[in-house]
Amino acid sequence: MTDSNELNTKVQQTLKTIADPETGRPLKNQIHAVAADDDSISVEVGLTSFAAPIRDKFKSDIETALTKAFPDVGSINVTVTDHDRPAQPIGQVGITAKAVIAVAAGKGGVGKSTAAVSMAIALKRAGCKVGILDADVYGPSVPQLTGVRGQVAKEGNKIVPLDFDGIPLMSIGFLVPPGEAVIWRGPMLHSTITTFLRDVAWGDLDYLIIDMPPGTGDIALSLSQMLPLTGAVIVCTPQEVALIDAIKAVGMFRKVKIPVLGLIENMSSFVCPDNGKEYDIFGKGGAKKYAGQDKIPFLGEIPINIQLRERGDAGEMAANFEDKNVAPYLEAIAKTLCQQLADSAAANPPQAQLPVLG
Ligand code: ADP
């Protein structure tokens, strides 16, 4: 019979070979309980809400590691519970978020805002704390897509964001009447974005998703000066002409030293509701191929779907997650993004990845 203290220590050592998906550091304080004897091992390990989308993978990684380390133990039980680790203030503006992700596109109309809002909903549904900042000054469509409208209020010296089913939301669209064009010069854009980041009561966030204006690098530059952006997600459609613009967007982010976290191919195929046949209206797989060539992670695809467009127009994007023809694609993107961040945290110490400016 193995000494149970010795066994316990060995189990702890095995758990420490696994990285926390959020920080990339070996599990330590997150090991909440270990009970081990010759017949069974039971562990309880905590996971932060940041990594909630990849909870299943985390659990199975622990099971695999324990099974490999203790092949003779008959029963291995892994329980994943919640581990609380609040976000720290980052950047000059001091927003408390663990990841700030810019969703961008080379040009308008490719579904950038749709992808940004969908990603936020998917992360929130998985259990993450998410905020959305609509910084698309030229066409703020997040109020339309979410159905959230209204006046922002002030509480003390902070602006209270509007609420989208538990997701704090701020949009340039809340400041200008719908249909009115925004004609702002660089400094004004810069100060508005600063206000949105510094003066809004975002609370403790895992992810701040920023819907960027298409093309231009102005806002990207402003943002990158104010806070350490975790990176950019580029949305594009599959046809050649759209890809050329997406490649330009990738180049722009690289120039201002913002990591490109991945590519999403939107409108990648269309399943005809009349006959169930699949048509590749804009072609298919172009973005995936380019991502592979340029070593950019491919986060996933979203098919052309009539209901998806209708729900966007109606401000009912959350309903996409009840639709089996759409939901798996959106959930897969959030999962892949989260896994991508976990992989890069494991590969680089987080301090190096998220320098605190100022
Ligand atoms: P962008 O932010 O790139 O300008 P939007 O997200 O506002 O684009 O999308 C433009 C239009 O295309 C919206 O009406 C939206 O509902 C629609 N749309 C986006 N993605 C899809 C899709 N996969 N299937 C059907 N319609 C889509």
Computed E for Gln13/Ser191 - FRET, C-beta separation, R0 41 angstrom, nearest 0.05: 0.20
Full-extension gain in nm, Lys277 to Gln293, via 0.36 nm per residue minus C-alpha separation: 2.8 nm
Spin-label point model (7 Å from Cα, Cβ direction): what's the Arg149 to Leu175 distance in nm? 2.0 nm
Using only Cα atoms, what Kirkwood radius does the chain have, in angstroms? 21.6 Å
Given the C-alpha centroids of the stretch 46-124 and the stretch 248-312, what is the distance between them in whole angstrom? 22 Å
Which of rounded, prolate or oblate describes the stretch 16-56 when judged by the alpha-carbon gyration tensor and an a/c cut-off of 1.5? prolate
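Given R₀ = 30 Å, FRET efficiency for Asp84-Ala347 by Cβ-Cβ distance, to 0.05?
Values: r = 25 Å, r/R0 = 0.85.
Once rounded, the FRET efficiency stands at 0.75.
Over the stretch 89-345, with the other protein chains present, what is the accessible area per residue in square angstrom, probe 1.4 angstrom? It would help to have the intermediate numbers written out before the result.
Details: 10670 Å² over 257 residues.
Solvent-accessible surface per residue comes out at 42 Å².
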Enter the angle in degrees (range 0 to 90, nearest 10) between the Cα long axis of helix 55-69 and the first principal axis of the Cα atoms of the chain, meaning the one along which they spread out most. 30 degrees
Given Ala69, Ala314, Asn275, which one lies farthest toward the positive end of the charge dipole of the chain, if we put +1 on the Cβ of every Lys and Arg and -1 on the Cβ of every Asp and Glu? Ala314
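Considering only the other residues whose Cβ falls under 15 Å of the Cβ of Ala153, what net charge follows from Lys and Arg at +1 and Asp and Glu at -1?
On the way: positive: Arg149, Lys154, Lys158; negative: Glu155, Asp163, Asp199.
Neighbourhood net charge equals 0.
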Counting only protein heavy atoms and leaving out ligands, DNA and RNA, the solvent-accessible surface of His190 at a 1.4 Å probe, in Å² to the nearest 10, equals 60 Å²
Set of the stretch 69-87 residues, backbone N closer than 20 Å to the point 7 Å along the Cα-Cβ line of Ser4: 70-79
Computed FRET value (nearest 0.05) for Thr96 with Val160, which takes r as the C-beta separation and R₀ as 22 Å: 0.90
In 10 Å bins starting at zero, report the fraction of Cα pairs in the stretch 4-82 per bin as a rounded %. 19, 58, 21, 2
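With the cut-off at 21 Å, tell me which of the pairs Lys107/Lys129; Lys112/Lys284; Lys98/Lys129; Lys295/Lys324; Lys129/Lys288; Lys57/Lys289 have Cα atoms farther apart than that. Could the numbers behind the result be given before it?
Numbers: Lys107/Lys129 29 Å; Lys112/Lys284 18 Å; Lys98/Lys129 10 Å; Lys295/Lys324 31 Å; Lys129/Lys288 29 Å; Lys57/Lys289 26 Å.
As for pairs spanning more than 21 Å Cα to Cα, those are Lys107/Lys129; Lys295/Lys324; Lys129/Lys288; Lys57/Lys289.
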For the stretch 272-327, what class follows from the C-alpha gyration tensor (a ≥ b ≥ c being the square roots of its eigenvalues): rounded when a/c is under 1.5, otherwise prolate if a/b is larger than b/c, else oblate? oblate
Summarise the accessible area of the chain (1.4 Å probe, protein heavy atoms) by the percent that is carbon and sulfur. 52 percent
Charge dipole of the stretch 43-142 about the Cα centre (unit charges at C-beta), most positive-ward option of Ile95, Ile54, Thr114: Thr114
Name the shape class, rounded, prolate or oblate, that the alpha-carbon gyration tensor gives for the stretch 197-272, where a ≥ b ≥ c are the square roots of its eigenvalues, rounded holds for a/c under 1.5, and otherwise prolate holds if a/b is larger than b/c and oblate otherwise. oblate
Of Asp84, Asp245, Asp343, which has the largest mean-square fluctuation in a 10 Å C-alpha GNM of the chain? Asp84
Residue of Ser113, Ser141, Ser224 that the Gaussian network model of the chain assigns the largest fluctuation, springs spanning Cα pairs under 10 Å: Ser224
How far, in nm, would the chain grow between Glu316 and Asp56 when pulled straight, counting 0.36 nm per residue and subtracting the alpha carbon separation? 90.8 nm
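The values are calculated or read from the model by the stated rules, or taken from the named source; none is laboratory data. Everything numeric here is computed off the predicted structure, so don't read it as measured data. Here the Cβ is made from the backbone with ideal geometry for all residues, glycine too, and neighbour counts use every protein chain on show. Heavy atoms of the whole protein, side chains included, go into the accessibility calculation; ligands, DNA and RNA do not. Shrake-Rupley method; radii C 1.70, N 1.55, O 1.52, S 1.80 Å.
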